[in-house]
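To start, the structure under review is shown below, and the notes come after it.
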Amino acid sequence: MSVRTLYVFLVGAILALGCGLAFGEGANEPGLFGGLRGGATWQDRERFEYGQVAPDSNDAGTTNASAQDPEEFDIEGWGGRGEVYLGNAFSDTFSASARFSFTLFEQDDDFARTDGVASPAFWVPYLDAGLTVGGGARPLRAGIYGTRFRTAAVELDYESQIYDGGIDLAITLDPAAENRIRLIFGPAFGAVNQEFDYQVVGRAQGGGLGEGTIIQTDEDVDSFYGGAKLGAELTHPFSDCISFVGGFDGYLLYQSSELDGEQNVPGAGGTTISTIEVDDDEDEFAPRIEVRAGLTIRVSDRIRIGASYLFGAWFNAATVDNPEIVLVASEGDNRWVGDEAAHLGSETLLTHTAMVTIDFDF
């Protein structure tokens, strides 16, 4: 979590809570209410690409001179989510609310390639085009070069933090109705911080490199969101103490993302280290939706407990597009180079959350 993110959310939470706002199912009677939610979240991401299987550049013009698809990492998995809200119902038809949630994912994936007869190499692309080959002996003419591994153990450690907050204004259409419908709207903010840490260890060829060569790549993506939320919520009682609660929220958010990447590459003889740095930034609109459904049980006049399922989709979520390898044959010096430097891309981030809840009226 960056200092900038911490500052933005601390200020937002203090201002929202200081205004005496609230979030949640709300109280039927005017007054303060609040609660806590916690549970497990499954994150479903697209597969991240890093490195590529390709033949030796000397195979140019042969049937082996075709690069295969980039290697992919699968990092979907479970994380934890916590949420807090506090608020005030000004009447039986209107309430205002402040909410804040935090979700943490820590996942990893790995694969290995072993040497074989006439087996293609695993190429690790350099992140930027500014590096020279062999410690400066041969400058690149175009694109991004890479280091070739005959054997390689590749590991990705991935971590992401999702911060979500806002102020919800809620209007109950008919407080006396059996099925209570609330319209919810208000400002929303958020952030998604991601860390991609790759490590490749193996036997490299060329430039005096050999067994035990290590390439470390760290890429950080920080995204900040601001915009508006509009939703609706339905409460249907099954009895005096058990109710169904379901809702839909749509968000129109403006996203500002930054990529900061660094890669440590061994030089000739494996004795020197070259550090490659890349950065990129992008601003765009990023809509988001959330659908929820669950049950609540009133255990006293002031306390409700429950369980719910939430489905979320963050569209145009920022990710990293790493270089792909293409074959360039020029002046008798055939080599694999990259298509473009590492840069920001976009995808759809899906989450599935099972939560337990406790809501209370003061």
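Do we have residue 356 as of a type in the set (Val, Ile, Thr), modelled with pLDDT under 90, at negative phi and not in a loop (DSSP other than H, G, I, E, B) here? So residue 356 does not fit the description; no. Residues that are surrounded by fewer than 16 Cβ atoms within 10 Å (Cβ to Cβ) and within 22 Å of residue 317 (Cα to Cα) within the range 146-194 comprise just one, 187. All conditions in (1) over 30 Å from residue 285 (Cα atoms); (2) out of contact with any Pro (no Cβ under 9 Å at 6 or more places or on another chain); (3) at pLDDT 90 or above hold for residue 151, with the sole exception of (3). Against the numbered list (1) outside any strand (DSSP E or B); (2) under 29 Å from the mean Cα position of the chain (by Cα), residue 310 comes up short only at (1).
The values are calculated or read from the model by the stated rules, or taken from the named source; none is laboratory data. Small disclaimer: the values here were computed from a predicted structure and weren't measured. Here Cβ is always computed from backbone atoms with ideal geometry, including for glycine, and neighbour counts include all displayed protein chains.
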